[in-house]
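The values are calculated or read from the model by the stated rules, or taken from the named source; none is laboratory data. Fair warning: this is a prediction, and the values are worked out from it, not measured in the lab. We place every Cβ from the backbone using ideal geometry, glycine too, and count neighbours over all the protein chains shown.
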């Protein structure tokens, strides 16, 4: 596989299109909901807060915008960007289009941390308790999977993926045990968390995920050129000066950082890290210099759109975000598989 796509023009056009989509989506998402606010009022409030003119709204719409809608929008952008970028890195590191962040156990490990806290009613860190434990458990699980898959100073991709599958199964069993011993209130909270949601978004949660997400998103594009070389195969990459083991360890840590940060505040949201890189690869080719940052942008757009649908389609009720992304993502991914198989004439 070459690291070159249809050319830089397609990447630039897609980047401009995705940024434009974000600029349109953010004020629209801020205005829609159980308490509708005209888009013009949203922009006026933002300009007023930024000291660029505009006008302040009434007490209720200002509170709805800045205490409810904007924290949720920012969290959706951070979580979507983190999952999309992590998915692109996973597929590049393992050379496998079916790879996604959950493969190395980050999502299930984070779920174990969060579910354990909820089931046992721990709250010694206040509102941060669930997020902190989920993040720590997700990161620890990824490191454990990586350590268990190493042999003779090397990491085999197949062993890593199989170890991740085994750890995911064990994590699922632990979650089942926690659910068995939890009371009814905790079970309801755990179930909602497992389905994925941004309904509990607050500025403190945004601040909790922001440093890790920004660090991961800043580090990821720095390795794009080496990922392009790795896509040629491990042996050619080594001959071209790539330290494959070091690259793999570094990127597993970046993937764990991004995914654990996202899952710790949103619960488990599937298919974003799997489908988003595929869409961009189809549009602009496999070159990672665009694919990695582009997946972050498209992930942000996709999750903000999905969250807007989740809270408006069945209003006043709210659909679980993870369920919605799976409902939309799984048929699309099935179509991608069929399309790829048909073009290649089979998988052999």
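Taking the criterion of being more than 22 Å from the chain's Cα centre (by Cα) and within 19 Å of residue 94 (Cβ to Cβ), the residues of the range 110-151 that qualify are 147, 148, 149, 150, 151. Taking (1) part of a helix (DSSP H, G or I); (2) buried (at least 19 other Cβ atoms within 10 Å of the Cβ) in turn, residue 62 satisfies each apart from (2). Given the condition touching a helix residue (DSSP H, G or I) at 6+ places or on another chain (Cβ under 6 Å), surrounded by fewer than 23 Cβ atoms within 10 Å (Cβ to Cβ) and assigned to a helix (DSSP H, G or I), answer yes or no: does some residue in the range 265-272 qualify? The answer is no, given that none of the residues of the range 265-272 is touching a helix residue (DSSP H, G or I) at 6+ places or on another chain (Cβ under 6 Å), surrounded by fewer than 23 Cβ atoms within 10 Å (Cβ to Cβ) and assigned to a helix (DSSP H, G or I). Is the range 180-189 home to any residue that is modelled with pLDDT of 90 or more, farther than 30 Å from residue 66 by Cα and crowded, with 18+ Cβ neighbours inside 10 Å? The answer is no; no qualifying residue exists. Count of the range 201-211 residues, restricted to those that are surrounded by 15 or more Cβ atoms within 10 Å (Cβ to Cβ) and either over 23 Å from residue 256 (Cβ atoms) or free of Cβ contacts under 8 Å to residues at least 40 places away in the same chain (or both), is 1. The set of residues in the range 301-316 being within 14 Å of the chain's Cα centre (by Cα) and either in a loop (DSSP other than H, G, I, E, B) or over 16 Å from residue 83 (Cα atoms) (or both) is empty. State yes or no: is residue 319 surrounded by 18 or more Cβ atoms within 10 Å (Cβ to Cβ), touching a helix residue (DSSP H, G or I) at 6+ places or on another chain (Cβ under 8 Å), without any contact (Cβ under 8 Å) to a residue 40 or more places away in the chain and outside any helix (DSSP H, G or I)? Yes: the conditions hold for residue 319. Test residue 198 against the stated conditions and say whether it is in contact with a helix residue (DSSP H, G or I) (Cβ under 8 Å, 6 or more places away or on another chain) and outside any loop (DSSP other than H, G, I, E, B). No.
Can you pull out the residues in the range 215-233 that are surrounded by 15 or more Cβ atoms within 10 Å (Cβ to Cβ) and in a helix (DSSP H, G or I)?
Going through the range 215-233, the residues surrounded by 15 or more Cβ atoms within 10 Å (Cβ to Cβ) turn out to be 216-217, 219-221, 223-224, 226-232.
Within the range 215-233, 216, 217, 219, 220, 221, 223, 224, 226, 227, 228, 229, 230 meet the criteria.
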